[in-house]
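The block underneath contains the structure these notes are about, expressed in structure tokens.
The values are calculated or read from the model by the stated rules, or taken from the named source; none is laboratory data. In this text the structure is predicted, and so the values were computed from the model without any measurement. Here the Cβ is made from the backbone with ideal geometry for all residues, glycine too, and neighbour counts use every protein chain on show. We work out accessible area using only protein heavy atoms, side chains counted, and drop any ligands, DNA or RNA first. Shrake-Rupley method; radii C 1.70, N 1.55, O 1.52, S 1.80 Å.
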Amino acid sequence: MQPGPEEPEPEASKAGRIARARETADRYEQRARETYEQARARHLSVQMVAEAYERDRARAGGLLAGGLAYRIFLWELPFALFLVSALGLTAELAGADPADLARESGLTAATASTVARAVSASEQGRLWFLLLGAFLTIWAGRGVFRGFRLVSQLAWGERAPAQSSLKGSLAVTGIGVGLIAIQALLPALSDALALPGFVHLLLGLALATTALIWALSLLPRADARWTAVVPGALVLGVGLRLLSLAASTYFAYRLEHSSDLYGSMGIAIVLMLYLFLIARLFVAAQFLNATLYKRQAPELLAQWASSTIPGMRERGGDHHAEPGAA
């Protein structure tokens, strides 16, 4: 006897399964919200992180990161052109595979390889490319500096006095050169000293965090001391180290396959995604710094006043309540 065709599942049974799955998802969602609210009520760290996230979301942190990533992209292309022309690396980088360079030295080297391919056919125009790259690097660096300042002002909620955009552009270029030097020279230093892998990771994190603390201290931060930018610098340093690892694995793989399909456009797409993640980390770090400082500043002010002003110690509870209410 031939087996008959499978009977279709009744619509009522299918609708019942969908309803049960939806109820299970709603139950897990409700449980997750209750767990989050309990953790937020008990732990100060969860409260501050949640407050930083809410401030970031209220200020459209994703849009800020997208605009900042676009400005960094416009700066990185002429910067790569300047480096290739100044150091005479055109012939060497033009024959290299951008995906291999991304695995070894990061996406900046892959960008330099793409730029080197574009200018390798014009040996006589090397001087003009050098001058053009220097001019466009300074010009685009002004936009990057203004973007960093704008994000900082929105995060700290305070408008800072005007600063020279030319000096800011030179500072952006110097910081970029420093971070690239750390990324390029640290593996050679680790190999020469035979450092273990975790020591190499910690050393890179320490150098990057130190450079980022100095860089963030140059941006508007209200009346806070330089120590107020340390938490965000740590978050940004750890994020950049993780992104450097991602560049040698995931982004290099994407670069290899997208370049075969889209050519230089594929490299630009992967680079923009990478720069967006960097910009998103910067925006989150600035909002975290501002939130931590604004949360702790009233408490520190009340403690200082109660210990230095006569008669305030007995009335410290009243003065401590006023900043919180404000």
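If you take the residues of region 190-221 that are over 15 Å from Phe282 (Cβ atoms) and crowded, with 17+ Cβ neighbours inside 10 Å, which of them is modelled with the highest pLDDT?
Filtering region 190-221 for residues that are over 15 Å from Phe282 (Cβ atoms) and crowded, with 17+ Cβ neighbours inside 10 Å, the one modelled with the highest pLDDT comes out as Leu207.
Within region 1-25, count every residue that is modelled with pLDDT under 80 and open to solvent by less than 100 Å² (accessible area, probe 1.4 Å).
The total comes to 11.
Can you work out which of the residues in region 124-167 that are small (Gly, Ala, Ser), assigned to a helix (DSSP H, G or I) and in contact (Cβ under 8 Å) with a residue 40 or more places away in the chain is most open to solvent (accessible area, probe 1.4 Å)?
Step by step, filter region 124-167, then rank; the result is Ala134.
Please give the number of the condition Asp260 fails out of (1) at pLDDT 90 or above; (2) open to solvent by 60 Å² or more (accessible area, probe 1.4 Å); (3) not hydrophobic (A, V, I, L, M, F, W, C).
It fails just one condition, (1).
Give me the residue from region 184-224 that is over 25 Å from Pro161 (Cα atoms) and hydroxyl-bearing (Ser, Thr, Tyr) and, out of that set, nearest to the chain's Cα centre (by Cα).
Looking at the filtered set, the residue picked out is Thr209.
Considering region 225-244 alone, what residues qualify as being under 13 Å from the mean Cα position of the chain (by Cα) and either under 19 Å from Phe145 (Cβ atoms) or among the hydrophobic types (A, V, I, L, M, F, W, C) (or both)?
Within region 225-244, Gly232, Ala233, Leu234, Val235, Leu236, Val238, Leu240, Leu242, Leu243 qualify.
Could you list, in sequence order, the residues of region 30-87 that are of a type in the set (Val, Ile, Thr) and in contact (Cβ under 8 Å) with a residue 12 or more places away in the chain?
Once the filter is applied, which keeps residues that are of a type in the set (Val, Ile, Thr) and in contact (Cβ under 8 Å) with a residue 12 or more places away in the chain, region 30-87 yields Val49, Ile72, Val84.
Provide a single number: the residues in region 222-250 that are among the aromatic types (Phe, Trp, Tyr) and either open to solvent by less than 20 Å² (accessible area, probe 1.4 Å) or touching a Cys at 6+ places or on another chain (Cβ under 6 Å) (or both).
The qualifying residues number 0.
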